[in-house]
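Notes to accompany the following structure.
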Amino acid sequence: MSDFVQTGGLGEVSAALPRALRDMCDVRVLLPGYPQVLSHFALIERVSGLNGLADIPECAIGRVKTEDGLIVYVVLCPKLFDRPGTPYADEGSADWADNDLRFARLSLAAADFVAGLADPSWTPDNLHLNDWPTAMAAAYVAWRGLDAPSLMTIHNLAYQGCFDPRRAEALGVPAHAFDMHGVELYGKLSFLKAGLYYASHLTTVSATYAQEITTPELGCGLHGLLQDRAREGRLTGILNGIDDTWDMLPPGMGQRRFAPAEWKGRHARRIRRSFGLAVSRGPLFAIVSRLVHQKGVDLAIDAAQTIVEHGGQLIVTGQGEPKLEQGIKDLAARHPGCVGARIGFDADEARAMFAASDFLLMPSRYEPCGLSQMYAQKSGSLPIAHKTGGLADTISDGETGFLFGQATSDGLNRAIRRAFTAFDSSRRIWSMRRAAMSQRYGWDRSAKRYADAYRHGDAT
């Protein structure tokens, strides 16, 4: 949850969606007691103690309120959660060896809320689960025979939370549940599979991705089950949103609404200096991304030559796979003054990059939703993206950005050349920018669809 700790877009969704839902239902957030959460509050009220199950240890439940009044429950289990590093990995980026116990504890706590054990003053009508770390909650609810629906949102099907099947007993998994009609996935114990099988309804974060994951190509081995859920009317795509502050200028640029003709060039000059680029009248391209294979960063590295040869420049920020991080560093070294890179991530700098750039490269091989293309459009930067998932749902080709059909270097290069052609026409580029910036990606509509799903058991 981005109030406290974040890895990827889920942290932003976990912060924004509950707040958008508050007028429609009594929504509360449950998350582990990571050190970033514990240090945020001077006092955490303890509301209950919860028993363990098999090798899952006991824990306590704490309750706090954010400054704007959102109630957050914290799973207090220091030996599992109060550690340095990220929510999933140690300081060396290696996954914690006991991640199965850690997220089984989180999931079991969610089921304990449904059972009325976690907060004597509040019991949820249903659970909204997100990705594999919470997916086992639907299974624990089912195995206890509790009558409470659960909605499971798939933010990225590729991350499946798979563990050694010999861990089943330690996690309190009944013997009958280690089956294709349960938690088993190609011989592994899959937390995500448990959620997909036992949850009442499934959602993804865009309509196109909901269709794509029912295919062998993008179904990650789960397309058969997802096809069944789609036929049953239990799989729906609900597009993520972004918060309303993206209608405002980035830090240091005042608090007026965007006026592109006034600030675009000024902010581009500032960011060029920051990244050590030469003064230029050519277009400025940006990459703001995790540097991983899924994001097509290798395709962008290949395409950088086209950008430089045509008089453009490229700025990059992100971190991820060491090979791709090195590839970005090498690219900047080959093209000093034309390519600037920063390995790491700073939210304010990323926001400034959106505001400064003319085009954002997003050649993702697949993209369940994506938020960067929305941020870019609100900032007057036109995304250049592979036509997949949420990118296909949020970019109008030739109007608010550029789409290409095949995730290849050639496909990306052709789209980049189209962008250069548009940039050469002042009338067209400003027309596209205005169209992009007029898009509405607030949470109101999506939150209403989620609230309807909670009440009626579907999200149609």
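The values are calculated or read from the model by the stated rules, or taken from the named source; none is laboratory data. On a predicted model such as this, the values are computed, not experimentally measured, just so you know. Positions of Cβ are generated from backbone atoms using ideal geometry, with glycine treated the same way; all protein chains shown enter the neighbour counts.
Is it true that some residue in segment 114-130 is at pLDDT 95 or above and in a helix (DSSP H, G or I)?
Looking through segment 114-130, at least one residue is at pLDDT 95 or above and in a helix (DSSP H, G or I).
So how many residues does segment 36-48 have that are in contact with a Leu (Cβ under 9 Å, 6 or more places away or on another chain) and either outside any helix (DSSP H, G or I) or of a type in the set (D, E, K, R) (or both)?
As a first pass, look at segment 36-48 and keep what is in contact with a Leu (Cβ under 9 Å, 6 or more places away or on another chain): 37-38, 44, 46, 48.
Narrowing further to those that are either outside any helix (DSSP H, G or I) or of a type in the set (D, E, K, R) (or both): 44, 46, 48.
The qualifying residues number 3.
Sort through ASP131, ASP179, ASP228 and tell me the only one that's charged (D, E, K, R) and in contact with a Lys or Arg (Cβ under 9 Å, 6 or more places away or on another chain). Can you show your working first?
On the way: ASP131 fails: in contact with a Lys or Arg (Cβ under 9 Å, 6 or more places away or on another chain); ASP179 fails: in contact with a Lys or Arg (Cβ under 9 Å, 6 or more places away or on another chain).
Of ASP131, ASP179, ASP228, the one residue that is charged (D, E, K, R) and in contact with a Lys or Arg (Cβ under 9 Å, 6 or more places away or on another chain) is ASP228.
Which residues, taken from segment 308-353, are in contact with a Ser or Thr (Cβ under 6 Å, 6 or more places away or on another chain), within 15 Å of SER289 (Cβ to Cβ) and crowded, with 21+ Cβ neighbours inside 10 Å?
Residue satisfying the conditions is GLY318 alone.
Condition test on LEU70, is it within 22 Å of TYR159 (Cα to Cα), of a type outside the set (Ser, Thr, Tyr) and buried (at least 17 other Cβ atoms within 10 Å of the Cβ)? Let's see the steps before the verdict.
Numbers: within 22 Å of TYR159 (Cα to Cα): no; of a type outside the set (Ser, Thr, Tyr): yes; buried (at least 17 other Cβ atoms within 10 Å of the Cβ): yes.
It is false that LEU70 is within 22 Å of TYR159 (Cα to Cα), of a type outside the set (Ser, Thr, Tyr) and buried (at least 17 other Cβ atoms within 10 Å of the Cβ).
Given the structure, is PHE41 of a type in the set (Phe, Trp, Tyr) and surrounded by fewer than 16 Cβ atoms within 10 Å (Cβ to Cβ)? Let's see the steps before the verdict.
Working: of a type in the set (Phe, Trp, Tyr): yes; surrounded by fewer than 16 Cβ atoms within 10 Å (Cβ to Cβ): yes.
Judged against the criteria, PHE41 is a match.
Looking only at segment 153-187, which residues are closer than 17 Å to GLY224 by Cα, charged (D, E, K, R) and either assigned by TED's automatic domain parsing to the domain that holds GLN294 or not in a loop (DSSP other than H, G, I, E, B) (or both)?
Within segment 153-187, just GLU184 meets the criteria.
Being surrounded by fewer than 24 Cβ atoms within 10 Å (Cβ to Cβ) and either of a type in the set (A, V, I, L, M) or touching a strand residue (DSSP E or B) at 6+ places or on another chain (Cβ under 8 Å) (or both) is true for just one of ALA268, ALA300, ALA304. Which residue is that?
Working: ALA300 fails: surrounded by fewer than 24 Cβ atoms within 10 Å (Cβ to Cβ); ALA304 fails: surrounded by fewer than 24 Cβ atoms within 10 Å (Cβ to Cβ).
Only one candidate passes the filter, namely ALA268.
If we scan segment 52-60, do we find a residue that is out of contact with any helix residue (DSSP H, G or I) (no Cβ under 8 Å at 6 or more places or on another chain), in the same structural domain as GLY116 (by TED's automatic domain parsing), outside any helix (DSSP H, G or I) and buried (at least 18 other Cβ atoms within 10 Å of the Cβ)?
Scanning segment 52-60, I find at least one residue that is out of contact with any helix residue (DSSP H, G or I) (no Cβ under 8 Å at 6 or more places or on another chain), in the same structural domain as GLY116 (by TED's automatic domain parsing), outside any helix (DSSP H, G or I) and buried (at least 18 other Cβ atoms within 10 Å of the Cβ), so the answer is yes.
Conditions first: (1) surrounded by fewer than 18 Cβ atoms within 10 Å (Cβ to Cβ); (2) in the same structural domain as GLU349 (by TED's automatic domain parsing). ILE395 passes all but one, so which condition is the exception?
Failed condition: (1).
Checking ILE301 against (1) modelled with pLDDT under 90; (2) on the phi < 0 side of the Ramachandran plot: exactly one of these is not met. Which one?
With respect to (1) modelled with pLDDT under 90; (2) on the phi < 0 side of the Ramachandran plot, ILE301 is out only on (1).
Tell me which residues, restricted to segment 1-35, are outside any loop (DSSP other than H, G, I, E, B) and either loosely packed, with under 15 Cβ neighbours inside 10 Å or touching a Pro at 6+ places or on another chain (Cβ under 6 Å) (or both). Outline the logic, then answer.
Here is the first cut: in segment 1-35, the residues outside any loop (DSSP other than H, G, I, E, B) are 10-21, 29-32, 35.
Of everything in segment 1-35, just one residue is outside any loop (DSSP other than H, G, I, E, B) and either loosely packed, with under 15 Cβ neighbours inside 10 Å or touching a Pro at 6+ places or on another chain (Cβ under 6 Å) (or both), namely VAL29.
If ALA158 passes every condition in (1) within 18 Å of LEU31 (Cβ to Cβ); (2) touching a residue at least 60 places away in the same chain (Cβ under 8 Å) but one, which one does it miss?
(1)
Which helices (runs of 4 or more DSSP H) sit wholly inside segment 283-385 and have at least 1 residues that are free of Cβ contacts under 8 Å to residues at least 12 places away in the same chain and of a type outside the set (Gly, Ala, Ser)? Step through it out loud before you land on a result.
Values: elements: 297-309, 322-334, 347-356, 372-378.
Qualifying helices (runs of 4 or more DSSP H): 297-309, 322-334.
In the list THR236, THR214, which residue meets the criterion of being in a strand (DSSP E or B) and hydroxyl-bearing (Ser, Thr, Tyr)? First the steps, then the outcome.
Working: THR214 fails: in a strand (DSSP E or B).
Answer to the selection: THR236.
Scan segment 393-433 residue by residue and report those that are more than 18 Å from LEU284 (Cα to Cα), assigned to a helix (DSSP H, G or I) and in contact with a strand residue (DSSP E or B) (Cβ under 7 Å, 6 or more places away or on another chain).
Within segment 393-433, GLY411 is the sole residue that qualifies.
What single numbered condition from (1) surrounded by 23 or more Cβ atoms within 10 Å (Cβ to Cβ); (2) at pLDDT 95 or above; (3) of a type in the set (S, T, N, Q); (4) under 19 Å from ILE315 (Cα atoms) fails to hold for SER379?
(2)
Which members of segment 262-292 meet the condition of being touching a Pro at 6+ places or on another chain (Cβ under 8 Å) and farther than 13 Å from GLY340 by Cα? Give the derivation first.
Residues of segment 262-292 touching a Pro at 6+ places or on another chain (Cβ under 8 Å): 267, 276.
Within segment 262-292, HIS267 is the sole residue that qualifies.
Across segment 429-444, what is the total count of residues that are under 22 Å from the mean Cα position of the chain (by Cα) and either touching a residue at least 40 places away in the same chain (Cβ under 8 Å) or surrounded by 14 or more Cβ atoms within 10 Å (Cβ to Cβ) (or both)?
Total satisfying the criteria: 7.
Can you tell me which residue is farthest from ALA16 (Cα to Cα) among those in segment 40-93 that are of a type in the set (S, T, N, Q) and at pLDDT 95 or above? Steps first, please.
Taking segment 40-93 as the starting set, the residues that turn out to be of a type in the set (S, T, N, Q) are 48, 51, 66, 86, 93.
From what is left, the residues that are at pLDDT 95 or above are 48, 51, 66.
Values: SER48: 27, ASN51: 31, THR66: 13 Å.
The extreme case among them is ASN51.
Go through segment 1-50 and count every residue that is within 23 Å of ALA347 (Cα to Cα) and free of Cβ contacts under 8 Å to residues at least 40 places away in the same chain.
Counting residues in segment 1-50 that are within 23 Å of ALA347 (Cα to Cα) and free of Cβ contacts under 8 Å to residues at least 40 places away in the same chain gives 10.
For residues in segment 103-119 being of a type in the set (D, E, K, R) and surrounded by 22 or more Cβ atoms within 10 Å (Cβ to Cβ), which is nearest to TYR159 (Cα to Cα)? Walk me through how you get there before you give the answer.
Here is the first cut: in segment 103-119, the residues of a type in the set (D, E, K, R) are 105, 112, 119.
With surrounded by 22 or more Cβ atoms within 10 Å (Cβ to Cβ) added as a condition, the list becomes 105, 112.
Working: ARG105: 19, ASP112: 25 Å.
Top of the filtered list is ARG105.
List pairs: first in segment 236-248 and more than 13 Å from GLY390 (Cα to Cα) and of a type in the set (Val, Ile, Thr), second part of a strand (DSSP E or B) and modelled with pLDDT of 70 or more, Cβ under 7 Å, 6+ apart or cross-chain?
Once the first residue is more than 13 Å from GLY390 (Cα to Cα) and of a type in the set (Val, Ile, Thr) and sits in segment 236-248, its partners that are part of a strand (DSSP E or B) and modelled with pLDDT of 70 or more give THR236/THR203.
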